[in-house]
1. Pairs needed: first member in the range 18-44, more than 22 Å from PHE304 (Cα to Cα) and touching a residue at least 40 places away in the same chain (Cβ under 8 Å); second member anywhere, open to solvent by 20 Å² or more (accessible area, probe 1.4 Å) and outside any strand (DSSP E or B); C-beta distance under 7 Å; at least 6 residues apart or different chains.
2. Would you say ILE392 is farther than 17 Å from TRP328 by Cα, in contact with a strand residue (DSSP E or B) (Cβ under 7 Å, 6 or more places away or on another chain), open to solvent by less than 50 Å² (accessible area, probe 1.4 Å) and not acidic (Asp, Glu)?
3. Quick check, is ASP296 in a strand (DSSP E or B) and among the acidic types (Asp, Glu)?
4. Name, by its number, the condition in (1) touching a strand residue (DSSP E or B) at 6+ places or on another chain (Cβ under 7 Å); (2) closer than 14 Å to GLY269 by Cα that does not hold for GLU340.
5. Among ALA250, ALA169, ALA187, ALA195, which is the only one that is out of contact with any Leu (no Cβ under 7 Å at 6 or more places or on another chain) and touching a residue at least 40 places away in the same chain (Cβ under 8 Å)?
6. Within the range 317-362, take every residue that is small (Gly, Ala, Ser) and open to solvent by less than 10 Å² (accessible area, probe 1.4 Å) and give me the one that is nearest to MET214 (Cα to Cα).
7. Quick one: ARG383 ticks every box in (1) outside any loop (DSSP other than H, G, I, E, B); (2) more than 26 Å from LYS310 (Cβ to Cβ) except a single one, so which number is it?
8. Looking only at the range 208-239, count how many residues are over 24 Å from the mean Cα position of the chain (by Cα), surrounded by fewer than 16 Cβ atoms within 10 Å (Cβ to Cβ) and of a type in the set (A, V, I, L, M).
Amino acid sequence: MNTLLQDAQAAGASVGLTAERVTVHGGRPLKGRIELKGAKNLVTKAMVASLLGETPSELRSVPEISDVRVVKGLLEVHGVKVTSVGDDTLLLDPSAVESAHFEVIDAYAGSSRIPILFCGPLLHRLGEAFIPDLGGCRIGDRPIDFHLEGLRRFGAVVDKQPQGIRLTAPNGLKGAKIELPYPSVGATEQVLLTAVRAEGITELRGAAIEPEIMDLINILQKMGAIISVDTDRVIRIEGVDRLEGYSHTALFDRNEAASWASAALATEGDIFVGGARQAELGTFLNVYRKVGGAFDIHEDGIRFYHPGGKLKPAIIETDVHPGFMTDWQQPLVVALTKAEGVSIVHETVYEQRFGFTDALVDMGAQIQLHRECLGGAECRFGRRNFQHSAVIVGPTKLRAADVVVPDLRGGFSHFIAALSAEGTSTISNIGIIARGYENFIAKLDALGADFVIES
């Protein structure tokens, strides 16, 4: 066990978690082409799904990001053989699944919240599962109560211990009727990964229906699952006795696509995002056009660019799919500081997602945060003490500053701000960005960004 623990700690040090600093010289438009791979929010869940199969799985278009390496390590300590084929394909063989010591799980997990999704598959395979304390980006309350309550409904016994949570299924897992108070993506994934092998029928109401959820359903159906999705956010799963491995190419990362699109707008650039598709970005494209951005749809991607002229203010309200994604608003806020007039962004998904704006204010942006629900209907945070609405007044010429990355999307937004600002900025703690953006430093270099990395 000590050897495994040492390996896990070494892996944690290699996934971009150590502090790094970049000096950015602003004022240069980003121009060129970058390529997308599979979505961070799908690939890691697809890797976990391989635990359910009796035969190996093949997953293609896997990005080289730290979250993938974390899940790879967690699978390997549970006995799954993970083999890389080429640049972006993983073979996952679960034939020798076994229990893992909590210290090793904790060491590999780091700040990732993925371990909670191992519970259902491991309960089916081993009759038990263990999860450590969970981390993730500090953007608001992301409780695992939905997950644990759902697992209890399936018949799991949850035992909270000092080191974490141990789950057992002494009588096996049975289908259940579950209704989510909010269409949580993580809780929906938990139900799907648990229900497909549970005895009987599971009915999930209030489910999330993001494209990544639908692609996970595609994978599970390939494995032999029986899943139907109704138009009223109801998913029904008929449990089966056996699932096989899958062969699948992951859906592109629409959040990364929107981030580069916003970067093109904020820096007055021109970026072709290879692999991006119109269908999954429709809501974003509408807002992008309203703000003054331009795009051309191609068979192999989408060109995003600033067409010249003035950007326009906008009123945006984030929401679950098919609404405007919460992950899209942070990079776009930087572009909105360049718009002529008053923009309002009402965040309804995560109550503390505007922490990244402090750095933008230090760079000269005029942004005020409010507790009220501005620009739309009252949301679940409206009667609570959270600053979840932002008023952005522009246009503003951002100036250079020293910035510490607070979270994944906020960190990328700070990069965009620094690239569009006058002068030289320093950005620290960039390892967080590597959680969800594959080779983002190399991509910035290919787009002509002017920066120097300091380790």
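The values are calculated or read from the model by the stated rules, or taken from the named source; none is laboratory data. None of these values were measured; they are calculated from a predicted model. Reconstructed Cβ throughout: ideal geometry from the backbone, glycine too, with neighbour counts over all protein chains shown. Ligands, DNA and RNA are excluded from the accessible area calculation, which covers all protein heavy atoms including side chains. Shrake-Rupley method; radii C 1.70, N 1.55, O 1.52, S 1.80 Å.
1. Filtered contacts from the range 18-44: ALA19/ASN429; GLU20/SER455.
2. On the way: farther than 17 Å from TRP328 by Cα: no; in contact with a strand residue (DSSP E or B) (Cβ under 7 Å, 6 or more places away or on another chain): yes; open to solvent by less than 50 Å² (accessible area, probe 1.4 Å): yes; not acidic (Asp, Glu): yes.
Spelling it out, it is not the case that ILE392 is farther than 17 Å from TRP328 by Cα, in contact with a strand residue (DSSP E or B) (Cβ under 7 Å, 6 or more places away or on another chain), open to solvent by less than 50 Å² (accessible area, probe 1.4 Å) and not acidic (Asp, Glu).
3. Working: in a strand (DSSP E or B): yes; among the acidic types (Asp, Glu): yes.
For ASP296, the condition - in a strand (DSSP E or B) and among the acidic types (Asp, Glu) - is met.
4. (2)
5. Numbers: ALA250 fails: out of contact with any Leu (no Cβ under 7 Å at 6 or more places or on another chain); ALA169 fails: out of contact with any Leu (no Cβ under 7 Å at 6 or more places or on another chain); ALA187 fails: out of contact with any Leu (no Cβ under 7 Å at 6 or more places or on another chain).
Of the residues listed, the single one that is out of contact with any Leu (no Cβ under 7 Å at 6 or more places or on another chain) and touching a residue at least 40 places away in the same chain (Cβ under 8 Å) is ALA195.
6. First pass over the range 317-362, keeping only residues small (Gly, Ala, Ser): 323, 335, 339, 341, 343, 355, 359.
Filter again for open to solvent by less than 10 Å² (accessible area, probe 1.4 Å), leaving 335, 339, 343.
On the way: ALA335: 30, ALA339: 35, SER343: 32 Å.
Filtering the range 317-362 for residues that are small (Gly, Ala, Ser) and open to solvent by less than 10 Å² (accessible area, probe 1.4 Å), the one nearest to MET214 (Cα to Cα) comes out as ALA335.
7. (1)
8. 1
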